[in-house]
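K.L.:
Here it is, the structure, as structure tokens.
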Amino acid sequence: MSIGIIITNSPNNLKHYLILSVMTNNNISLINGDIETKRAEIKQYFNETYSLYESIFELLATDEVFYEQPNSLRQPLIFYFGHTATFFINKLIAANIISDRVNSELESIFAIGVDEMSWDDLNDKHYNFPTVDKTRAYRNEVRGAINDLIDALPLSMPIGWESPFWIIMMGIEHERIHIETTSVLIRELDIEFVRPNSSWRANIQSSWSPINELLPVNGMDIEIGKRMNSDYYGWDNEYGTHKATVADFRASKYLVSNGEFLEFMRDGGYKSDTYWETEGNDWREYAKVRHPHFWIDDFGVYKLRTLCEIVDLPLNHPVEVNYHEAKAFCNWLSAKLNKSIRLPSEDEWYALALHCELDDKMDANIGLIHTSTTAIDSFAHGDFFDIRGNVWQWSETPIYPFDGFKVHPAYDDFTVPTYDGRHNLIKGGSWISTGNEALLTARYAFRKHFYQHAGFRYVQSDTVVDSENIYETDTLVSQYAQFGWGEEFLGVANYPKECAKICIESMDSNKRRKALDVGCAIGRSSFELARGFDEVIGIDFSARFVSQATKLKESGEISYRATIEGDLTSTHSVMLEQYDLVNEAKKVSFWQGDACNLKSHLCEFDLIFAGNLIDRLYNPKSFLTDMAWRLNSGGLLVIASPYTWLEEFTPKEAWIGGYEHEGKEISTIEGLKYILKDEFELVKTRDVPFVIRETARKYQHSVAQLSVWKKL
């Protein structure tokens, strides 16, 4: 279909018109095709995606609307406008594909803060957003840079995780996700902030809602999960294997319509806590919600807010709600029918898809063949309708890793932070889902109060769905938890505690108001620094680490599994109380961030500590030269590292030591002296040993050099 005529800037800054066609099955095969044809396909896919994303911002009435915050738990729209371009650059740098930034200032502002996680920084003082014109110009620069990379990067088939083109595809698919999530935010804006656009006008064909019914689905064995050589791009959570036996169940023929949900409304569904789960009831009371989010109560007559207009409520279109509302409806229907009614599990959704012989090519309201929801009886899939498309469908299943799950090193925080039992899977895609989102293998999960273009269907089954799928087998997180909080081994003192102690002692009579712990991991050094400072901010690139540190601060306890041998593990608990750090937790905060491109508000520190960080940065010199202005006069920069330089983390040309130059051996301490000499004085150095436990019988014993530098 044509989504309209879009005026854009080409990479060579010439204006041109682009007719952007968006097809349902528009995914790029990563295993088939010759090199130059594939390069051209990816280039077209990138530019179509980039322009489509920009086109949705054309719905904003003025540039001032970019600075509106449609949802109090989300960023202003200007953040998302710049974020997807920044994502390309940051991931290409993280993967050591490029070394130079396009605009370091904007790539700090637009880097992190998308999901409404507990560690998101939504404090206005922490952002100084650029103008819309500056952001548009930045997007054009990035477009040109990516087009040049697509032309120049080495390409071989198939395209796998190690290919630089995987990172390009990652950026494209990431932006396609934001096409959808941004459309939801725009839909949450007050209507006066949006201007109608014929290309995005809703396709409403309103009539009475068809009567829903439960149809049988025979039980079956299922096996799901992508192989690494699958045809299309996938996110980390899609890979691996999951096998299950699904019992017989019955499923609703249609998605729940506005008309069917209205019965729940009229029966007092929102006025009583009878049908709501505990968390759902707390949310209902907090949000003071009385009807679905996109409904408008016009003096007792309901209307519907679409992307850019308000229309009469179409009773035959699917209702769009969050998990809590869908769950309450199911509980209400269970009581009404005296049957066990609930949302389907992910396994049952796949069983239903198999029952209907559904594939990615079957007609559905997906991939922008329409620009809104359609009637629930428009797309038949066997005896059912809309198994795929129209709206996402909430499931009863919290997202969890398949057997064999691995984290992509360039994007370690895509899924793992959601393995917490609080993010439920949505299945099937919506009318605006394109690319990876439109595939049957797609696995996306959101918090239960989250709004998406999502609705639901219900099933009748006595099978109990596991709702406690909490990911506890992240080996790297467990290893760092053990390193920071576990017992001491081989007579060596706890390393982050010892480093923090040296930091505090080194302050002498200096003021100890605020400290920054860069590369804080699971937070032990941050908590220990709080013994001597009024405020400590811990920063780490890994959201997996930050989430555990934040959980420890907020709840006072975390658990992890330590490897004994092979698949054998032991469970351990960490409680701040046992370390006498409960009061210190009040002085500590944790944020996700890039040490080589920290946000500008991180300044006026009396101490900056970088523990075992310098030799794991993609640009250590950039980090070092950025430190002086962030410190108060006389403040200390403390660096501790065993100097284990590896090209997988730091390009060899970026090493600051551990190499020969013109026949002379250059050590890291010499490199540090050279880089820091104009703004710092070396106060002292000392060796600090540490031990990492890999298994019950294998340990790594290392010695870090800790150096203390005083700002001149």
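K.L.:
So which residues in the stretch 72-87 are surrounded by 14 or more Cβ atoms within 10 Å (Cβ to Cβ) and either outside the structural domain of residue 131 (by TED's automatic domain parsing) or assigned to a loop (DSSP other than H, G, I, E, B) (or both), if there are any at all?
P.N.:
74, 75, 76
K.L.:
Of all residues in the stretch 642-660, which are part of a loop (DSSP other than H, G, I, E, B) and touching a Lys or Arg at 6+ places or on another chain (Cβ under 9 Å)? I'd like the intermediate steps shown before the answer.
P.N.:
Of the stretch 642-660, the ones part of a loop (DSSP other than H, G, I, E, B) are 642-651, 655-658.
644, 645, 646, 649, 650, 656 - these are the residues of the stretch 642-660 that are part of a loop (DSSP other than H, G, I, E, B) and touching a Lys or Arg at 6+ places or on another chain (Cβ under 9 Å).
K.L.:
What residue, among those in the stretch 617-641 that are in a helix (DSSP H, G or I) and among the charged types (D, E, K, R), is farthest from residue 606 (Cα to Cα)?
P.N.:
Selected residue: 621.
K.L.:
Oh, and also: Please tell me if residue 523 is buried (at least 21 other Cβ atoms within 10 Å of the Cβ), over 21 Å from residue 703 (Cα atoms), touching a Gly at 6+ places or on another chain (Cβ under 7 Å) and in the same structural domain as residue 614 (by TED's automatic domain parsing).
P.N.:
No; evaluated as a whole, the condition is false for this residue.
K.L.:
Let me ask another. Take residue 228 and tell me if it is more than 30 Å from residue 168 (Cβ to Cβ), touching a residue at least 12 places away in the same chain (Cβ under 8 Å) and either outside any strand (DSSP E or B) or not assigned by TED's automatic domain parsing to the domain that holds residue 327 (or both).
P.N.:
When the stated conditions are applied, residue 228 does not pass them.
K.L.:
Right, something else. Where the second residue is β-branched (Val, Ile, Thr) and the first is at pLDDT below 90 and lies in the stretch 19-42, which pairs have Cβ atoms under 7 Å and are six or more apart or on separate chains?
P.N.:
19/5; 20/3; 20/6; 22/3; 22/434; 24/366; 24/369; 26/434
K.L.:
Would you call residue 709 at pLDDT 95 or above and in contact with a Leu (Cβ under 6 Å, 6 or more places away or on another chain)?
P.N.:
yes
K.L.:
Just to be sure, is residue 144 among the small types (Gly, Ala, Ser) and under 26 Å from residue 105 (Cα atoms)?
P.N.:
yes
K.L.:
Also, quick follow-up: Out of the stretch 342-391, which residues are in a loop (DSSP other than H, G, I, E, B), over 26 Å from the mean Cα position of the chain (by Cα) and among the small types (Gly, Ala, Ser)?
P.N.:
Passing the criteria: 364, 375, 378, 382.
K.L.:
When the stretch 300-321 is examined, which residues are found to be among the charged types (D, E, K, R) and surrounded by fewer than 24 Cβ atoms within 10 Å (Cβ to Cβ)?
P.N.:
303, 305, 309, 312
K.L.:
On to the next question. State whether the residues of the stretch 181-193 include one that is among the aromatic types (Phe, Trp, Tyr), crowded, with 20+ Cβ neighbours inside 10 Å and either at pLDDT 95 or above or within 32 Å of the chain's Cα centre (by Cα) (or both).
P.N.:
No, the conditions are met nowhere in the stretch 181-193.
K.L.:
In the stretch 385-395, is there at least one residue being within 29 Å of residue 189 (Cα to Cα) and surrounded by fewer than 24 Cβ atoms within 10 Å (Cβ to Cβ)? Let's see the steps before the verdict.
P.N.:
Quick first cut of the stretch 385-395, residues within 29 Å of residue 189 (Cα to Cα) only: 386, 388-395.
Still in the list and also surrounded by fewer than 24 Cβ atoms within 10 Å (Cβ to Cβ): none.
Checking the stretch 385-395: not a single residue is within 29 Å of residue 189 (Cα to Cα) and surrounded by fewer than 24 Cβ atoms within 10 Å (Cβ to Cβ).
K.L.:
Okay, moving on. When you go through (1) at pLDDT below 95; (2) surrounded by fewer than 23 Cβ atoms within 10 Å (Cβ to Cβ); (3) more than 18 Å from the chain's Cα centre (by Cα) one by one for residue 497, which number turns out not to apply?
P.N.:
Of everything listed in (1) at pLDDT below 95; (2) surrounded by fewer than 23 Cβ atoms within 10 Å (Cβ to Cβ); (3) more than 18 Å from the chain's Cα centre (by Cα), residue 497 misses just condition (1).
K.L.:
Failed condition for residue 2, given (1) touching a helix residue (DSSP H, G or I) at 6+ places or on another chain (Cβ under 9 Å); (2) at pLDDT 95 or above, with all others met?
P.N.:
Every listed condition holds for residue 2 apart from (2).
K.L.:
Only one residue in 490, 439, 529, 516 is touching a Cys at 6+ places or on another chain (Cβ under 7 Å) and among the hydrophobic types (A, V, I, L, M, F, W, C). Which one?
P.N.:
Numbers: 490 fails: touching a Cys at 6+ places or on another chain (Cβ under 7 Å); 439 fails: touching a Cys at 6+ places or on another chain (Cβ under 7 Å); 516 fails: touching a Cys at 6+ places or on another chain (Cβ under 7 Å).
Just one listed residue meets the conditions, 529.
K.L.:
While we're here: Name the residue that is surrounded by the fewest Cβ atoms within 10 Å (Cβ to Cβ), counting only residues in the stretch 609-630 that are in contact (Cβ under 8 Å) with a residue 60 or more places away in the chain and under 20 Å from residue 690 (Cβ atoms).
P.N.:
Looking at the filtered set, the residue picked out is 616.
K.L.:
Filter the stretch 673-712 for residues that are in a loop (DSSP other than H, G, I, E, B) and of a type in the set (Gly, Ala, Ser) and give the result.
P.N.:
696
K.L.:
Oh, and also: Of the conditions (1) of a type in the set (A, V, I, L, M, F, W, C); (2) over 21 Å from residue 447 (Cβ atoms); (3) surrounded by 15 or more Cβ atoms within 10 Å (Cβ to Cβ), residue 294 fails just one. Which one is it?
P.N.:
For residue 294, the failing item is (2).
K.L.:
For the stretch 436-464, give me the residue count where each residue is more than 23 Å from residue 188 (Cβ to Cβ) and either without any contact (Cβ under 8 Å) to a residue 40 or more places away in the chain or of a type outside the set (A, V, I, L, M) (or both).
P.N.:
10
K.L.:
What's the number of the only condition in (1) in a loop (DSSP other than H, G, I, E, B); (2) over 30 Å from residue 92 (Cα atoms); (3) not aromatic (Phe, Trp, Tyr) that residue 192 fails to meet?
P.N.:
Exception for residue 192: condition (1).
K.L.:
Please find, within the stretch 326-360, the residue that is surrounded by the fewest Cβ atoms within 10 Å (Cβ to Cβ) out of those that are of a type in the set (Gly, Ala, Ser) and touching a Ser or Thr at 6+ places or on another chain (Cβ under 7 Å).
P.N.:
340
K.L.:
Do any residues in the stretch 143-161 that are in contact (Cβ under 8 Å) with a residue 24 or more places away in the chain have Cβ atoms under 7 Å from those of residues that are assigned to a helix (DSSP H, G or I) and of a type in the set (D, E, K, R), where the two are at least six apart or on different chains, and which pairs are they?
P.N.:
147/43; 150/39; 150/43; 155/38; 155/39; 157/38
K.L.:
Within the stretch 487-514, can you find the residues that are over 22 Å from residue 549 (Cα atoms) and not β-branched (Val, Ile, Thr)?
P.N.:
Selection gives 489, 490, 491, 505, 506, 507, 508, 509, 510, 511, 512.
K.L.:
Could you please give the count of residues in the stretch 680-696 that are exposed (fewer than 14 other Cβ atoms within 10 Å of the Cβ), more than 36 Å from the chain's Cα centre (by Cα) and in contact (Cβ under 8 Å) with a residue 24 or more places away in the chain?
P.N.:
Summing the residues that are exposed (fewer than 14 other Cβ atoms within 10 Å of the Cβ), more than 36 Å from the chain's Cα centre (by Cα) and in contact (Cβ under 8 Å) with a residue 24 or more places away in the chain in the stretch 680-696 gives 3.
The values are calculated or read from the model by the stated rules, or taken from the named source; none is laboratory data. Treat the numbers as computed from the prediction; the structure is a model and nothing was measured. Because the Cβ atoms are built from the backbone with ideal geometry, glycine has one as well, and the counts that use them run over all protein chains shown.
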